[in-house]
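Read the structure below first, then the notes.
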Amino acid sequence: MEQEASPFETSEMLARFLGSTPLLTESWKLCARSNIMAPQGFLTEEVGGVTYVAFSGVQSVDGLDPFCGNLVPLSSTTTGVLSSGGGGDGGMFSALEKQSDDNLVMVDAGLLHLFLTIYHTPVFQNQMFEIKKKQKAVVFTGHSIGGAMAALSSLWFLSYLQSISSPPSVICFTFGSPLIGNESLSQAIHRQRWGGNFCHLVSKFDIIPRLFFAPLAPIKTHLHTLLKSWHLTMNSPFFICDLGTQLDEKAKSELFHYVLHYVESIARSPGLAASSFVPFGNFMFCSSDGAVCIDDSNAIVKMLHLTFAAGSPSFSINDHLEYESHVGKISLQFLNQNEEELCESNSYEAGVTLASQSMSAGHEDTMILTKDCLKMARRIGRTPNLNSAELAIRLSKVVPLRAQIEWYKDLCDKSDDQLGYYDSFKIRGASKRDFKVSMNRIKLGNFWDDVIGMLEKNQLPHDFHKRAKWVNASQSYKLLVEPLDIAEYYRSGDYRKKGHYLKHGREKRYEIFDKWWRERDIYGENECNGNSKRSKFASLTQDSCFWAKVEEAREWVENVRSESDPRRLTVLWMNIEKFEQYAWGMVERKDISIDVLAKNSSYMVLVEELRVLKSHLQHFSNQIPGVLDKKVVP
């Protein structure tokens, strides 16, 4: 049985985890070394069976890339770039690019440009090849702009791993990284269940994680000076934190209050704008007294504002270089608590109190606001595992609905009219039985839409979509019910208004279930590799879209009768030929239900129409050689 995944809901829980592993400490050590030894590059190191890839915070010696602060569609600059792996279908981030939302997945143009520059170097390609070959756990990490490079590298690597049957674990730690994309990117990452792979450490006064909330053009001069001084410090073996000679107090104040204005505006707005930068993953807010972790985007933005507003111009600059001390204190977070506090820390309320104290540093008003923010960040309702258990109960309650549809299918298959399951429902009358089946179809669709909605909102365990119980249940539901949805689509005439089902009528849930089935963990290879013999037809047609393809083929045959243009006829006959080969393959593999071969089913009627049509149109054989010689499905 797979281990349950539990979200970190308090600072204590995450601190206990990080304090028990060397991941965070080793990540920062290599980040600090890469700042010194690999400007505009990265370092790799293997420690304890884990491969670390650390990107330097000194990625652009002349300051920020001129395109930083501007969002561009992720697909517009990366599709077709990939040459050595990642994304499967031609895009470096294809898993994120293929979202069906109307809003585009967008990332910062300057940061993407820096990443692509690194990506195309032979050193990066060779190192990634070696990492893929080892199949070991990988940690991508980086400080400052290097953190953004680590995040983009992680997203690219996770996209690549979708084509691997047993992918290695991937985690990304960033330290003081700027935000990299918009709300659609955040949503796409959470839909892929990748949010838990990212932990962004933010020193509570650090200006860089808040920087991209503000337009950069008016402050480019200040940023240029600031980044040059930071880079000099990062390149030095010894951090020099007094940057006053590089940026005077007036300039610091102007920069601080300018960014604060925009952070406050966004934090107080009712929702996150689709065109602005939005956080994703886990954010660990660090202070000299400890840390707290949040994974809710709205709460993260509010915490970015509250903690930044409690700082000062100097703190906002100096804190960008304080991550070494914060990393060292996170594992010691509980040593500052007395015995009574430790006993109480098992409760969520106690955890929130301790975390708000560590973030507020004695500011009573800020502590109250921070406490409210942390409470808001708590998952609403039940935990993911309890939600999963509740869904299992709901699933058991809808089983009778499915059983009634199966009974209906059996009746249709045995009916004297020999129409079969699909056609009987398509031409159904107004009987109570037909009405009940239609209602059951709708109720089951609503149940599965609820499941998908909870999954997309991170209300279910991270591995929910890979659990055999749910993968098998969704697949059997799809095979049984989607033919009814197709029948209803063509019965109602929707195809005349919208177009054919496959491109214009298929519900999102079925596309998601296709993906679950493709990516399922296969335990019985001998049953799933296609080599096992089957003595009878499948109880359900194994392609749930079979009838939609039949409907398209029927239209092609109808068009052949009225078409006079030879070129269009050629295309129509080629489409018909492809369908015949597809259908014949389904029959040979016994991947169809008995209703497909019912005497009066749409499919058998189509087969007969084709036979008659070909016998009457032999003159086409001279214009389209070989077309009419193809095998006709019996």
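The values are calculated or read from the model by the stated rules, or taken from the named source; none is laboratory data. Every value quoted in this text rests on a predicted model; they were computed, and no experiment measured them. For neighbour counting, all protein chains shown are included, and Cβ atoms are generated from backbone atoms with ideal geometry for every residue, glycine included. The protein model used for the area step is the full one, side chains on, heavy atoms only, and it has no ligands, DNA or RNA in it. Shrake-Rupley method; radii C 1.70, N 1.55, O 1.52, S 1.80 Å.
Looking across segment 99-150 at every residue that is in a helix (DSSP H, G or I) and among the basic types (Lys, Arg), the one that is most open to solvent (accessible area, probe 1.4 Å) is identified as Lys133. For Lys252, state whether it is modelled with pLDDT of 90 or more, among the basic types (Lys, Arg) and assigned to a helix (DSSP H, G or I). Yes; evaluated as a whole, the condition is true for this residue. Looking across segment 151-165, the residues that are open to solvent by less than 10 Å² (accessible area, probe 1.4 Å) and out of contact with any strand residue (DSSP E or B) (no Cβ under 7 Å at 6 or more places or on another chain) come down to Leu152, Leu155, Trp156, Ser159. Exactly one residue out of Leu64, Leu152, Leu96, Leu116 is in contact with a helix residue (DSSP H, G or I) (Cβ under 7 Å, 6 or more places away or on another chain) and either modelled with pLDDT of 85 or more or of a type in the set (Gly, Ala, Ser) (or both): that is Leu152. Looking for whichever is in contact with a Pro (Cβ under 9 Å, 6 or more places away or on another chain) and at pLDDT below 95 here; the options are Ser562, Ser544. Which one fits? Testing whether each residue is in contact with a Pro (Cβ under 9 Å, 6 or more places away or on another chain) and at pLDDT below 95 leaves just Ser544.
So that you can scan it fast, the table gives a plain yes or no per residue for (1) open to solvent by 60 Å² or more (accessible area, probe 1.4 Å); (2) touching a Phe, Trp or Tyr at 6+ places or on another chain (Cβ under 6 Å); (3) under 23 Å from Phe546 (Cα atoms):
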| site | (1), (2), (3) |
| --- | --- |
| Arg441 | no, no, yes |
| Val451 | no, no, no |
| His465 | no, yes, no |
| Gly493 | no, no, yes |
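The one condition from (1) among the polar types (S, T, N, Q); (2) at pLDDT below 55; (3) more than 19 Å from Met574 (Cα to Cα) that Asn622 does not meet is (3). Taking segment 571-599 as the range and being under 44 Å from the mean Cα position of the chain (by Cα), on the phi < 0 side of the Ramachandran plot and open to solvent by 50 Å² or more (accessible area, probe 1.4 Å) as the test, the residues that pass are Val571, Met574, Lys578, Gln581, Tyr582, Trp584, Glu588, Arg589, Ile594, Leu597.
None of Ser275, Ser287, Ser236 is at pLDDT below 85 and open to solvent by 60 Å² or more (accessible area, probe 1.4 Å) except Ser275.
Can you pull out every residue in segment 22-68 that is in contact with a Lys or Arg (Cβ under 8 Å, 6 or more places away or on another chain), surrounded by 21 or more Cβ atoms within 10 Å (Cβ to Cβ) and not in a strand (DSSP E or B)? Answer for segment 22-68, where residues must be in contact with a Lys or Arg (Cβ under 8 Å, 6 or more places away or on another chain), surrounded by 21 or more Cβ atoms within 10 Å (Cβ to Cβ) and not in a strand (DSSP E or B): just Leu64.
Yes/no per residue for (1) in contact (Cβ under 8 Å) with a residue 60 or more places away in the chain; (2) under 29 Å from Tyr323 (Cα atoms):
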site	(1), (2)
Glu97	no, no
Asp108	yes, yes
Phe140	yes, yes
Trp156	yes, yes
Tyr160	yes, no
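Take the conditions (1) buried (at least 24 other Cβ atoms within 10 Å of the Cβ); (2) outside any loop (DSSP other than H, G, I, E, B); (3) among the hydroxyl-bearing types (Ser, Thr, Tyr); Ser177 misses just one of them, which is (2).
Contact annotation: residue pairs with Cβ atoms under 6 Å, 6 or more positions apart or on different chains, pairing a residue in segment 216-229 that is in contact (Cβ under 8 Å) with a residue 12 or more places away in the chain and surrounded by 14 or more Cβ atoms within 10 Å (Cβ to Cβ) with a partner that is assigned to a helix (DSSP H, G or I) and not aliphatic (A, V, I, L, M), are Ile219/Tyr258. The residue of segment 456-500 that is nearest to Ser602 (Cα to Cα), among those that are of a type in the set (A, V, I, L, M) and touching a residue at least 60 places away in the same chain (Cβ under 8 Å), is Ala487.
Restricting attention to segment 589-614 and to residues that are in contact with a Lys or Arg (Cβ under 9 Å, 6 or more places away or on another chain), part of a helix (DSSP H, G or I) and touching a residue at least 24 places away in the same chain (Cβ under 8 Å), the residue that is nearest to Phe579 (Cα to Cα) turns out to be Leu606. Note on segment 278-326: residues that are of a type in the set (S, T, N, Q) and assigned to a strand (DSSP E or B) total 2.
With respect to the conditions (1) within 16 Å of Asp319 (Cβ to Cβ); (2) at pLDDT 90 or above, Gly244 lacks only one, and its number is (2).
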